[in-house]
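Presented below is the structure to which this report refers.
The values are calculated or read from the model by the stated rules, or taken from the named source; none is laboratory data. Every value quoted in this text rests on a predicted model; they were computed, and no experiment measured them. We place every Cβ from the backbone using ideal geometry, glycine too, and count neighbours over all the protein chains shown. Side chains are part of the model used for accessible areas, which takes the heavy atoms of the whole protein and leaves out ligands, DNA and RNA. Shrake-Rupley method; radii C 1.70, N 1.55, O 1.52, S 1.80 Å.
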Amino acid sequence: MSKRVLILSSSLREHSNSDMMADAFAEGARAAGHDVEKIRLSGKEIRFCQGCLACQNTKRCVIHDDADDIVQNHMLGADVLVFATPIYYYEMSGQMKTLLDRADPLYPADYRFREVYLLAAAAEEEDSAWKRAASGLEGWIECFPEAKLCGVVFGGGYTQAGSIRDSACLQKAYEAGKSL
Ligand SMILES: Cc1cc2nc3c(=O)[nH]c(=O)nc-3n(C[C@H](O)[C@H](O)[C@H](O)COP(=O)(O)O)c2cc1C
């Protein structure tokens with residue numbers, strides 16, 4: 001069955017390594033017949049959650065920016081959410097975390113997503129580089145009991161933009177997308 005797959009790519013730099021992982025995942029998912037959309041957070045206006053909790057009654061955010069559009073018109077209807085992030089200080093990027101906070105209107109809503117994936121790129125190769133990012137994402141997923149973290153693809157050892165090109169981890173990202 002074809003799934004609606006939404007990839008949220010959070011690196012702001014050009015020739016981003018994690019964005020290349022996102023493209024590889026998308027290619028695999030398309031090859032498997034899924035309906036894939038990728039949104040880059042670069043150039044988007046994504047303001048911080050104000051913590052007013054109005055969305056818990058209205059299912060809408062009081063801030064009308066690009067995050068509001070992403071949450072309402074893309075995340076809400078997706079079957080699979082894929083987050084691509086550079087590792088910053090052993091965590092997900094701030095822009096990804098800000099989007100997760102802004103996705104609070106999904107909490108009381110009839111969200112569809114059941115599968116979540118993480119694609120992470122880092123300078124270091126050790127698993128310790130991505131574990132906290134996965135743990136942070138799992139904290140968010142815990143609030144959506146129908147969903148679970150189904151996979152993490154890690155690209156370690158890539159500092160310079162584009163250095164992940166032609167690497168085996170792009171193949172891993174492709175395979176993860178294809179296996180949906
Ligand atoms: C602010 C900042 C913090 C970083 N912290 C880490 C880190 O804790 N561990 C690590 O392995 N790499 C770290 N890096 C390196 C990036 O994760 C690496 O360059 C990665 O390939 C960037 O992905 P991107 O090209 O998708 O933006 C950091 C880079 C920046 C700019």
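Miscellaneous remarks
- If the segment from R132 to E45 were pulled out straight at 0.36 nm per residue, it would be longer than the present Cα-Cα gap by 28.7 nm.
- Partner lysines for K178 [C-alpha distance under 30 Å; skip if fewer than 8 residues away on the same chain]: K3, K38, K44, K97, K131, K148
- Relative to the Cα centre, the charge distribution of the chain, modelled as +1 at Lys and Arg Cβ and -1 at Asp and Glu Cβ, gives a dipole magnitude of about 240 debye.
- The chain, relative contact order [Cα under 8 Å, separation at least 6], %: 31
- Longest segment of the chain lacking GluC sites (Glu not before Pro) that sit in a DSSP loop with at most 15 other Cβ atoms within 10 Å: 46-123
- Apportionment of accessible area to carbon and sulfur, the chain, percent (1.4 Å): 47
- DSSP-defined beta bridges in the chain - what % are antiparallel, rounded to 5: 5
- The 3J(HN,Hα) values that the Karplus relation (6.51, -1.76, 1.60; θ = phi - 60°) gives for the range 26-36 are, in residue order, 4, 4, x, 5, 5, 4, 8, x, 8, 8, 10 Hz. Gly and Pro appear as x.
- Summed over the residues of the chain and divided among them, the accessible surface reaches 49 Å² per residue at a probe radius of 1.4 Å.
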